[in-house]
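Undergrad: Structure in structure tokens, see below.
The values are calculated or read from the model by the stated rules, or taken from the named source; none is laboratory data. Note that the coordinates shown come from a computational prediction; the quantities given were computed from them, not determined experimentally. Please note: Cβ atoms are built from the backbone with ideal geometry, for glycine as well, and neighbour counts cover all protein chains shown. The accessibility values were calculated without ligands, DNA or RNA, using every heavy atom of the protein model including side chains. Shrake-Rupley method; radii C 1.70, N 1.55, O 1.52, S 1.80 Å.
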Amino acid sequence: LERAAALLAQHLADAVAEIDATLAELDASVENKRTYETLDRELAAMITDQDRQMTRHETAKSMADACRVSRETLMDQLIRPLLDGMTRFLAGTGLPVVPYCRLESDRGKPLLELGWVRDGRIRVALPTMSGGECGLFHAALAYALVAIRKPPVRLLMIEAGELDVESLSRLALAIGGVADGLDNAIVATHLPVDPGDGWTAIECGEREAVTA
């Protein structure tokens, strides 16, 4: 009986040990499964985040391309004809300048910069021009707008308060050079003028208006 009891106790101990080992394996499997599920969730989140980043990148790229196309369209449909008209007007001033318009900086950032290139190499932005230069530039811009819009009465009106005598003379030459595209031109100035052929001086208080 003692021997049978000892054998039974040994079998029970072995069974308990086997059960403990099985439970340990089950616990390890459960832990491994939890770890796997955690890693799987993290991986899925990383993939989702990467997809979102790719989507944002593609969206930004599409917007950049659209902006580039818009700038090119704006340049072709509006700005280039405007610059052509200004070039024609400024050619009559005798100044070695050609107007330009920049829609993008040297670093590729959007901007709007107007000015002219002097002697084919010196870029002069509008804010850095002298008063007389600004007056001639604005007059060229006004003429180009009239030429593009083609109103029923092609009237060019210019406030020449910034112009000195020399600049005013250049302005008169420029208007004469594009007279075939105008019906009339009115220039308001504070300077005394000696109107030439085709011009009429009209005194208006302290100012004098010259009309062609």
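Undergrad: Taking a 1.4 Å probe, which of E58, E25 shows the most accessible area, and what order do the others take after it? Numbers along the way, then the final one.
TA: Working: E58 90, E25 120 Å².
Ranked from most to least accessible, the order is E25, E58.
Undergrad: Calculate the spin-label point distance for D49 paired with A201, positioning each point 7 Å from the Cα along the beta-carbon direction, and give it in nanometres.
TA: 7.9 nm
Undergrad: Within segment 100-153, what whole-number % of the accessible surface is contributed by carbon and sulfur, with the 1.4 Å probe and all protein chains included in the calculation?
TA: 56 percent
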